[in-house]
Amino acid sequence: MLAAVIACGPIGSAAAADLDRRLNFDIPAQLLSTALTQLSQQSHIQIVAPAASINTLQSPKVQGRYSITEALTRLLAGAPLEYRVIGSDTLVLSALDAEPEPQAAPRSRAGDRPCIAAHCPEPAAAIEVQPVELVAMSVYGAGQVRAANALTQPYFRAQVPGFAPQAFLNLLPGVDMQSTDPFGLYEFGTSVRIRGFTADQLAITLDGVPLEETPDTRGDTPPNRYIDNENLDELQVAQGSADVDTPSFHALGGSLRYSTLDPAGVWQAAGSYTGGSEQMSRVYGRVDTAPLWTGGPIAMFSASQIRAYQQQNSLASMQTERAQFKAIQTLPFGQLMFGWLYGDRDDHDVDSYNIDGSPDLIYTQKLSGDGAADARYYDYWRNGRTDNLLMMRADIGSADDAHLQIQPYYESKRGYGTAGVTPDAAQTLYDDALAGAPQRSDVQPPDSGGAASGRLEQLQGERRGVTLSLQRTLGVHRLTVGGWLQQYDFTQTRPLYDMDTDGTLHTDALPITIYYDRRIDTATRQFYAKDSIALFGERATLAIGSKGLIVDRRASGYLNNDDFNRQQRETRTKTDQDLLQPQVGFVWRYAGNVELFANYAENFSATPRLAFVASSFNADLKPETSDNIDLGIRSTGSHFASAVSVYHIAYRHRVLELQATDPDIVGVDTYENVGAIETLGVETSLYWNPALHWRIGSTLSLNRSRFQDDYEVYDDVLGSHTVDSAGKTVPATPGRMATLDVSWRGRDGFVGADAKYTGPRYGSTTNSERVGGYTVINLNVGRSHDFGAGRISLQANVYNLLNHRYYGMLVPGEDTGTYNFGISRSLYISVGLQW
């Protein structure tokens, strides 16, 4: 008898320690093997079953709030199976000796309740209990009406500790992730694209809290600010379109839902140290508690620090510190959760290049005494952020299968950025400030000695919000209504000061100019409703829903350098709304484990924040919209999962910043609607377990994204002219991507290799620049060993094994782009301890 290991390896959630803990399950009627996979995913436990006993069996729908054992009992109703508990995190299913009565509930060999680990009989010899995964990806897609995937703990733990959470996406179909280092330490050099949409056009949440993503990294919150990959439980990815219940006001495309591990519910601790290339050093520690008193909450606390240096500049440091606390209190009516996440980071700007490899913006490593050259001294170009995120969540269930969830949150942001400015640019800025008011006394001229000046950006933001959802099952209908309210207040100031050669800014003196001193307030209201209808004896599901969004923005102050030069503070306001954004989806299950799915969604994105602070404000700017169609077929069996999807995206009213300028002078000009983009694509994926412990995965992604219109632009050199973009391919979007990964995972170790091919990309709107495709190969290997009450582990990761030199992130322009080099060959060694 061949054992099918249904789900993931080392478990760190409270559910693993308490099988009676009540959770919210949403598992449709389907093949039993697929249903068990979803039960494992949703409860974070491992299930081992004989493949021959589950491959042909059907299971009923399980939706609502149940304990893990209650949910399993419902899934196994009428099946000739029994289960037993092995350790604290594994349920083993086996065939009954005799057929049970029809619809009889499965039984545990220890009686009506699961046996405790110390008294469980040994598993049958034919069933091996190992912490390996059947399918570490794609299991989340089963039952969904859209293209979807999920990544789980075995995959996270195979990567180097501290690995950027966005980088986990890179082996999924349709995803292009670029970074200058494996840890995402330089945020301006990290990008994610899914089906051509950038991160600021996706819906991104962390434990249910929306994360602000914008084209301007200064004001947003990338997930790597907060997440240590040891704490990451699951990453759910919807490539096509975010569900209506996802809180976001700029999601034209899919969604990313990051979930962190709950406290383990027992006293335990873990720590690790990692060292490697670019003088990288990282320490991490975590402590989990049992109930702090009888019937009290369980909790966890973790902290980490990582420090490394740039590949191109061994003097330029990058550092991140993170901390997380989470406490959960189970109550008779449900559960309360409190969480706190902290992130603090500092970095230096990274060199950028032109397509031919010549310097675009290169930072010098020594001071020369020449103010123009010294303005690019690396230590003058620094960035830092400190973020705190507080959240609470109440999950309230009832006997009539209703579920209410309320989640308030608060986030504070603080940050800075410094940069050198050439003497000529500083003098120009000062002269511009005096042009309309020669006698003004709030500025002073730059140092007459020809030294570089320094600009200082300071920013702070506060986000306050709440999400709410109410679910209720009525017959074949699963009804959900909810909403999201958020207030985000964000301020930025950027004065220019005289500067000493050591980088000390003369902040106690008058500035040379002020680029801006502004505040932007954003109020968001979202409401939604959806109904999932079970049809044809639960062999099909029809999902119908819609959301409405109202986004009010107000920008005030010196919004740009022109305002300061005119000594005129101004206020700009605009309301964007779309009260009807419908979605319709359908999934049909046939032949046991095969599903056909289709989804249509209309999406809307509010006017970008930077449009409000441009030199010229277009109050009639239309919000961007997209119509997304997703069609596909997926199949999940005891040893494989596969999917094929095709999609069409009509992206309209695209908003673009027009007129490039000298970054030393001013950074924004005007934003206009410049037409539409049409995207067609195909994605395929296959994950296969050829034998116990082994896994092979592959994906292929084809994308064609083309501009539909030309547009007019003005710049100081060419004047007004037409950009010939109609029919051109959207830059920075590869037309072809393919991945292959092979891994072996046993109880005491793992070894794996993965390769990704990224096809050619254009670096400019006019397609005048094109970078070639490239392939990156990575290796990982780890070994663990028990000792006494603990466990020690050793792990090695190699990225870009062949040391292929390639352009990673690129910033496209009209005729030319700027490019950052991707990750060079890097080796990291980690030592971990659990007890």
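The values are calculated or read from the model by the stated rules, or taken from the named source; none is laboratory data. Computed from a predicted structure; not experimentally measured. No Cβ is skipped: glycine too gets one built from the backbone with ideal geometry, and neighbour counts run over all protein chains shown. Side chains included, ligands, DNA and RNA excluded: accessible areas come from the protein's heavy atoms. Shrake-Rupley method; radii C 1.70, N 1.55, O 1.52, S 1.80 Å.
Below is a table of values for the structure above.
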item	result
Some residue of segment 250-270 being in contact (Cβ under 8 Å) with a residue 24 or more places away in the chain, at positive phi, open to solvent by less than 30 Å² (accessible area, probe 1.4 Å) and small (Gly, Ala, Ser)	yes
Hey, residue 324 more than 30 Å from residue 461 (Cβ to Cβ) and touching a residue at least 60 places away in the same chain (Cβ under 8 Å) or not	no
Total residues in segment 271-290, condition surrounded by fewer than 17 Cβ atoms within 10 Å (Cβ to Cβ) and not small (Gly, Ala, Ser)	4
Pair list, Cβ < 8 Å and 6+ apart or interchain, from segment 473-487 residues that are touching a residue at least 12 places away in the same chain (Cβ under 8 Å) to residues that are crowded, with 17+ Cβ neighbours inside 10 Å and in a loop (DSSP other than H, G, I, E, B)	480/245; 482/245; 484/247; 486/247
Condition check for residue 196: over 11 Å from the mean Cα position of the chain (by Cα), open to solvent by 10 Å² or more (accessible area, probe 1.4 Å), modelled with pLDDT of 90 or more and small (Gly, Ala, Ser)	yes
Filter result for residue 644 (under 24 Å from the mean Cα position of the chain (by Cα), open to solvent by 40 Å² or more (accessible area, probe 1.4 Å) and either farther than 25 Å from residue 255 by Cα or at pLDDT 80 or above (or both))	yes
Hits in segment 396-432 - residues which are more than 27 Å from the chain's Cα centre (by Cα), under 28 Å from residue 491 (Cβ atoms) and in a strand (DSSP E or B)	418, 419, 420, 421
Single residue of segment 763-790 satisfying the filter (open to solvent by 40 Å² or more (accessible area, probe 1.4 Å) and farther than 20 Å from residue 804 by Cβ) that is farthest from the chain's Cα centre (by Cα)	788
Condition broken by residue 527, with the remaining ones in (1) surrounded by fewer than 19 Cβ atoms within 10 Å (Cβ to Cβ); (2) within 24 Å of the chain's Cα centre (by Cα); (3) modelled with pLDDT under 95 satisfied	(3)
Candidates 337, 392 - the one that is open to solvent by 50 Å² or more (accessible area, probe 1.4 Å) and either touching a Cys at 6+ places or on another chain (Cβ under 9 Å) or modelled with pLDDT of 95 or more (or both)	392
Qualifying residue in segment 264-280 (condition: more than 28 Å from residue 384 (Cα to Cα) and acidic (Asp, Glu))	no
Residue in segment 342-357 that is assigned to a strand (DSSP E or B), farther than 27 Å from residue 224 by Cα and not small (Gly, Ala, Ser) present	no
Filtered residues of segment 18-55 (kept if within 30 Å of residue 291 (Cβ to Cβ), modelled with pLDDT of 75 or more and in a helix (DSSP H, G or I))	36, 38, 39, 40, 42, 43
Cβ-Cβ under 8 Å pairs, at least 6 apart or on other chains, segment 630-642 side part of a loop (DSSP other than H, G, I, E, B), far side surrounded by fewer than 24 Cβ atoms within 10 Å (Cβ to Cβ)	637/55; 637/593; 638/51; 638/55; 639/51; 639/688; 639/689; 639/690
First in segment 702-724 and modelled with pLDDT of 90 or more, second anywhere and open to solvent by less than 80 Å² (accessible area, probe 1.4 Å) and of a type in the set (Lys, Arg), Cβ under 8 Å, 6 or more apart	703/195; 706/728; 707/728
Residue that is surrounded by the most Cβ atoms within 10 Å (Cβ to Cβ), among those in segment 148-184 that are free of Cβ contacts under 8 Å to residues at least 60 places away in the same chain and small (Gly, Ala, Ser)	184
Residue in segment 366-383 that is closer than 30 Å to residue 480 by Cβ, at pLDDT 95 or above and assigned to a strand (DSSP E or B) present	no
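Okay, residues lined up against (1) open to solvent by less than 40 Å² (accessible area, probe 1.4 Å); (2) touching a residue at least 24 places away in the same chain (Cβ under 8 Å); (3) not β-branched (Val, Ile, Thr):
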| site | (1), (2), (3) |
| --- | --- |
| 533 | yes, yes, no |
| 537 | no, yes, yes |
| 540 | yes, yes, yes |
| 547 | yes, yes, yes |
| 555 | yes, yes, yes |
| 558 | yes, yes, yes |
| 563 | yes, yes, yes |
| 566 | no, yes, yes |
| 573 | no, no, no |
